[in-house]
Structures are given as structure tokens and as C-alpha cells.
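Visitor: My questions will all concern the structure given below.
Each value in this text was obtained by applying a stated rule to the coordinates, not by laboratory testing. None of these values were measured; they are calculated from a predicted model. Heads up, the Cβs are rebuilt from the backbone with ideal geometry, glycines too, and the neighbour counts pull from every protein chain shown.
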Amino acid sequence: MGAHSKRKGNVYERQTATWYRGLGIECKRGWQSREGCDDPDVVLENFSWPNRLWIECKHHKKPPSAFAAMKQAQEAMEKAEVSLVQMPVCHLHQSHGEHLVVITRGDWGRIIGALESEQERRQPAGGE
């Protein structure tokens, strides 16, 4: 990876961490060795709903591949031998384009199920 690409990736990781902080979530950029599997790109601290998240960030001039980013996140989670259940979440950005967040359909189902359970829990008994 060239120096310019690495710098662009580092900037996007910082921007992503700033975005999470704007949501009120404490976070930091992850520490990574040459293999890049020690930590996710962004580590959310004190946040575990519905699972701990493994945040992978990709910023490219051309549209980044969601499938390649997800595969990299899943492989990094395996190499890091994470002990807690983690959900890979890929933040993708094309230069001068939209920001996308990509998760697997199975994880999306878990999120929807958790939201539905929370909504049912909050609904008054016998009410609408």
C-alpha cells in the first residue's frame, strides 16, 4: 500500500471515530500491526449492543468492494481470536461519494430482532 493510500485510510478511520463520538459513543482508532488484525480500525468503548462490533474502514478512489471489506473484517476477527461475540461492520467511502455501512444479512436480522424485542418491552401492557 502506498503512503498516500495509507494516509487516506488513516484519515477515514479518524473521521469514522469522530462520527461515532458525535453519536455519543466513546471510541478510539484501533492498534494494528502489519497484519492488521490486532484491533478493528475503530474500537467502540463501553458499547456492546447487540454484540461487540468489529469496525473495518475502507476509503478508495473507486468504489470499494463491500464483499472484500467484509471478508477482510471476518478474517481479521478470526486471526485476532476475539473471545467475545463480534459483529463485522464495514464503513465504506468512495472519494467524493456517499458513505456506506455494510453488515451481513444474518447480523441485520439480529439487529431487527433486538429492536423488535426492545419495542415490545417498552410497549405498555395491553396498550397499543
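Visitor: Computed FRET efficiency, Cβ-Cβ of Glu78 and Gln123, R0 25 Å: what is it to the nearest 0.05?
Guide: Taking R0 as 25 Å, the efficiency between Glu78 and Gln123 is 0.05.
Visitor: Continuing with this model, one more query. Select from Leu115, Ile25, Ala3 the residue farthest towards the positive end of the dipole of the stretch 3-122; place +1 on Cβ of Lys and Arg, -1 on Cβ of Asp and Glu, and compute about the Cα centre.
Guide: Ala3
Visitor: Considering only Cα-Cα distances, which of the following residue pairs are longer than 20 Å: Lys6/Lys28; Lys28/Lys71; Lys8/Lys61?
Guide: Cα-Cα > 20 Å for Lys28/Lys71; rest within.
Visitor: Also: Pulled fully out, how much extra length does the chain show between Gln94 and Phe67, if you take 0.36 nm times their separation in residues and subtract their Cα-Cα distance?
Guide: Extra length available between Gln94 and Phe67 comes to 8.2 nm.
Visitor: Looking at the stretch 3-122, send over the antiparallel percent of its DSSP beta bridges, to the nearest 5.
Guide: Restricted to the stretch 3-122, the bridges split so that about 45 percent are antiparallel.
Visitor: Can you compute the charge dipole magnitude of the stretch 3-122 about its Cα centre, using +1 on each Lys and Arg Cβ and -1 on each Asp and Glu Cβ, nothing else charged? Give it in debye, rounded to the nearest 20.
Guide: So the dipole magnitude of the stretch 3-122 works out to roughly 540 debye.
Visitor: Hey, can you grab everything whose amide H is under 5 Å from the amide H of Phe47? Only 5+ residues off in sequence or another chain; H modelled, so Pro and N-termini drop out.
Guide: Residues meeting the amide H criterion: none.
Visitor: Over the C-alpha atoms of the stretch 3-122, what are the Rg and the largest Cα-to-Cα span, Dmax, in Å?
Guide: Every Cα atom of the stretch 3-122 included, Rg and Dmax give 14.6, 50 Å.
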